[in-house]
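Values in this text are rule-based calculations from the coordinates and carry no lab data. Predicted, not measured: the structure shown is a model, and the values here were computed from it. Counting neighbours? That spans all protein chains shown, and the Cβs are built from the backbone with ideal geometry, glycine included.
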Amino acid sequence: MKPERNNVSLSVLEEKAKFIRTETVRLSRIAGAGHYSSTFSCAELLAILYYDQMRLEPGQPQWPERDRFVMSKGHAAIGLYPVLADLGFFDPSELDTYTRLGSSYGDHPDMKKVKGIDFSSGSLGHGLSIGVGMALAARMTQRDYRTYVMLGDGELSEGQIWEAANSAGHFGLQNLVAVVDRNGLSIDGHTEDIMTVEPMEDRFAAFGWEVQRIDGHDLNAVREAFARLPSGRNGRPQVIIADTVKGRGVAHMEMSLDWHVGNLVGEDYDAVMAELEAGLRPYEPESMA
Amino acid sequence: MTKDMQDESEIFRGTTTGSTRLRDARSVRGTPKAGMPAFVLGEELADLADSDPRIVVATADLASANRTNDFRDRHPERFVNFSIAEKNMITAAAGMASTGLVPYVATFASFAAILGAEAIRTDCAYPRMKVRVLGSHSGMSMGFYGSSHHALEDLGMLRCMADLTVVCATDANHLRAILRASVDHPKAMYIRLGRGRDPEVYPSVPQITFGKAARLREGTDLTIITCGSQVRASLDAAEVLAGEGISVRVVDMFTISKMDRDEIKAAAAETGAILTIEEHNITGGLGSAVTEVLIDLPRCRFRKHGVPDKYVEVGPPAALYAHYRLNAEGVAEIAREFHSS
């Protein structure tokens, strides 16, 4: 059995979050289009999960005791592939084929093609149900793995999310952890303008979930939230609502509706790479400037 | 229309009444339980689960109606009731399957296949999860419960999904055979069931292979290709027509995707005329699938018969089958017309 958690230093995790962002920019250029801002918002969350928290065995992708991860917001897979490669699930050079004809790596992840992807995703609203099934299976097979599901905030408008939330509460799936990347925007605008998703804590709590709400870009806060998760299969399902900034890390993308899908080329590409390499600057909402 | 076609015994009345008594009974309204698919489902799955820890069963608030409660009683730790949340059930089953379990999820076909179509495609077929979606009370077997509860489009909707094996259970023994063969089948499956009181076609559990049709009656003048509830009707029709000097071959094409092309080819070559009979909308189902094979073959006389492309009338099932000529008499009429045309 591998050690439960890794306790990687915050400075290393910071570099990993930066790596997720720069790889997203690099791979998007190969594709000619990419989900930049949805991936930037969850970079810290992915870094903590994969480098610090999850029980994994990259040499053995089907290890039955591994923690499961479902990228319900499948369009952020572009940030997950480099992590899996970095951890040794596959050769990083494979990512040079990203989205090209015959590649294993498309915009949305295919579990049958990519080692380390625990479930295919892309159609929003499905991931939490997948997680419910994985968590129920852990109970039926007496396994101690934990199932993490990364949800977007926009997909909380899908009805199936609440079918899943209700069932997780009813079944008492404490081994299920939802992480909401609460970046505030869906494609057409601010979530609260398009369709209300708040009060999110109350909604999950009403279905029997234990709720934490944190700053999703504060590595220390994210790590502490994961550290507070109870062990054991039975109890209350867990949700970490991570307040994030869509596009975080590149000033002109932050909370911009223009970069859900985009394409950086030429000087813009170089400038964004340089900005990301310099590390996160304090977030300054434009509207408050 | 005869009075017995309106007989209430032909309608789904739930299989819930006095469940304890029902569990202990050997027969229901005169029919031995062992011969009724409704009572085979839960028990057969429980039998399989006795020796296979991968098998789990789920339903959506219909454990009584589809008798998955027979499974629940024997393997409670491997039974999940998702309540009236079919999409969550099917997708969660895919999550379970990803860990190596083999989930069987059962509800009415209208909800399993039509409501659940995207979950079947995206979460079961595409990632090749070994989920078995059981759609009972398919076609118009729910009778006067109406079109919301009918599944006359399920075959058309699901048969075009890659990596999904779509099969129709014909009777109790056929259902046993399908369930046994399904456990190690490498793909996701949709198993279409009738109303649970389907009359006997197979006197013992047949040897089956998915994708290989069963030729149940030889004939030389025409071939009826059919499935599910219409197999018994077609066999009975063939018997009537034999008395009139018309020799009818009957094929149970129980695998809808991928179809047995060789059997269709043989029917075309050896009988020169093919009639498809299905309890399904005439568009998109078995008949349409057969034409997709025939188009590549030498010219052959062809007719398809099913439910017209509109929502069906209100009525008890037997009356509806008679009205839409999907009982033995109706099929005989259709075949007679086709043969003489």
Restricting things to alpha carbons, tell me how big the stretch B:47-185 is in terms of Rg and Dmax, in Å.
14.0, 41
Would you be so kind as to identify which of A:36, A:48, A:189 lies farthest towards the positive end of the dipole of chain A, taking Lys and Arg as +1 and Asp and Glu as -1 on Cβ and the Cα centre as origin?
A:48
Mind putting together the pair-distance distribution for the stretch B:125-165? All Cα pairs, 10 Å bins, whole percent per bin, short to long.
27, 43, 25, 5
Which whole-number percentage describes the relative contact order of chain B, with Cα contacts under 8 Å and a sequence gap of 6 or more?
17 percent
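Per the Cauchy relation, a quarter of the hull surface: what is the mean projected area of the convex hull of the alpha carbons in the protein assembly as shown, in nm²?
Computed as one quarter of the Cα hull surface, the answer is 30.8 nm².
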Along the Cα→Cβ direction, 7 angstrom out, place labels at residue A:9 and residue A:94. What is the inter-label distance in nm?
3.1 nm
Rounded if a/c is under 1.5, else prolate if a/b beats b/c, else oblate: with a ≥ b ≥ c from the C-alpha gyration tensor eigenvalues square-rooted, which is the stretch A:154-260?
oblate
Note on chain A: helices (DSSP H) long enough, at least 30 Å by alpha carbon along their axis, and hydrophobic enough, mean Kyte-Doolittle at least -1.0, are A:10-31
Name the residue farthest towards the positive end of the dipole of the stretch B:221-292 from the options B:245, B:276, B:290, assuming +1 on Cβ of Lys and Arg, -1 on Cβ of Asp and Glu, about the Cα centre.
B:290
Using a 10 Å cut-off around each Cβ, can you sort A:148, B:311, B:202 from fewest to most neighbouring Cβ atoms?
B:311, B:202, A:148
Computed over chain A, the distribution of all Cα-Cα distances in 10 Å bins, rounded to whole %, is 7, 31, 38, 21, 4, 0
Compute the Rg/Rh shape ratio of the stretch B:214-340: radius of gyration over Kirkwood radius, all on alpha-carbon atoms.
0.95
Equivalent-ellipsoid semi-axes of the stretch A:1-135, from the Cα gyration tensor, Å, largest first:
21, 18, 15
Okay, helix-only estimate at 222 nm for chain B: each DSSP H run of n ≥ 4 adds -39500 (n - 2.57), divide by all residues, round to 500 deg cm²/dmol; what do you get?
-9500 deg cm²/dmol
Can you sort A:255, A:134 so the residue with the fewest Cβ neighbours within 10 Å comes first?
A:255, A:134
Kirkwood hydrodynamic radius, chain B, all distinct C-alpha pairs: what's the number in Å?
20.0 Å
Translational D in µm²/s for the stretch B:217-258 (Stokes-Einstein at 20 °C, 1.002 mPa s, Kirkwood Rh from C-alpha pairs):
207 µm²/s
